[in-house]
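These notes are about the structure you will find just below.
Rule-based calculations on the coordinates, nothing more; no lab input. Note that this is a predicted model, so its numbers are computed, not measured. Backbone-built Cβ (ideal geometry, glycine too); neighbour counts: all protein chains shown.
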Amino acid sequence: MKETRRYNTPCIGQCSTVFGDTVCRGCLRFVHEIIDWNRYGDDDKSIVWQRLEQLVSQIVPQYVQVEDAQGVDSAVLYYRLPYRSGNIWHNIYNLLRHAERRHLSLDNCGFRLLPGYRIMDIQTHLYSLADAYYERDFLRATRMTTPEGSSDLFSKFPDAS
């Protein structure tokens, strides 16, 4: 029997797509994912979450040192932040992105930023990479469906009638 799971939105209430960004600076979703989120089934939402978690897991370890993994979990639960079981990097990211907004203390959260880095550096790197993925994958796929700038995939074929 397949497990049924409800997926919450990754939204943190800082959407930049309303200002014209194709990738949200708050949750890192693509604009079409934000628009269609409520129409997505659990499988589609799972794919989006997997991409976001992979992105965070690729970038966050470059900026932090984990000192106590259980301390990270405890801090996320203490501050009542979204908790992702089995993904310490996403949990650290949740602590970091809420720290400035909610003035959370990160002193006893089981990790520390590496010297010379700020929370904004992580967010900037994540956004840059997410934007590059959008350009590479989504826009390329969109261009493939409209050859030579045509709005109709079959426009270069003669009428069959």
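Sorting Glu135, Glu53 from the fewest to the most surrounding beta carbons within 10 angstrom yields Glu135, Glu53. Averaging the Cα positions of each part gives two centres, and for region 115-129 and region 1-79 these lie 16 Å apart. In a simple Cβ point-charge model (Lys, Arg +1; Asp, Glu -1; nothing else charged), region 17-134 has a dipole of about 260 debye relative to its Cα centre.
This ranking places Arg143, Arg51 by how few other beta-carbon atoms lie within 10 Å of each, fewest first, which gives Arg143, Arg51. Relative to the current alpha-carbon distance between Thr142 and Ser85, full extension at 0.36 nm per residue lengthens the span by 17.1 nm. Within the shell defined by Cβ-Cβ distances under 14 Å, the residues around Val76 carry a net charge of +2, with Lys and Arg each +1 and Asp and Glu each -1. Would you please classify the overall shape of region 1-84 from the alpha carbon gyration tensor, given that a ≥ b ≥ c denote the square roots of the eigenvalues, rounded means a/c under 1.5, and beyond that prolate means a/b larger than b/c while oblate covers the rest? The shape class here is oblate.
FRET efficiency for the Glu135 to Leu114 pair, using the beta carbon distance and R₀ = 45 Å, is estimated at 0.95.
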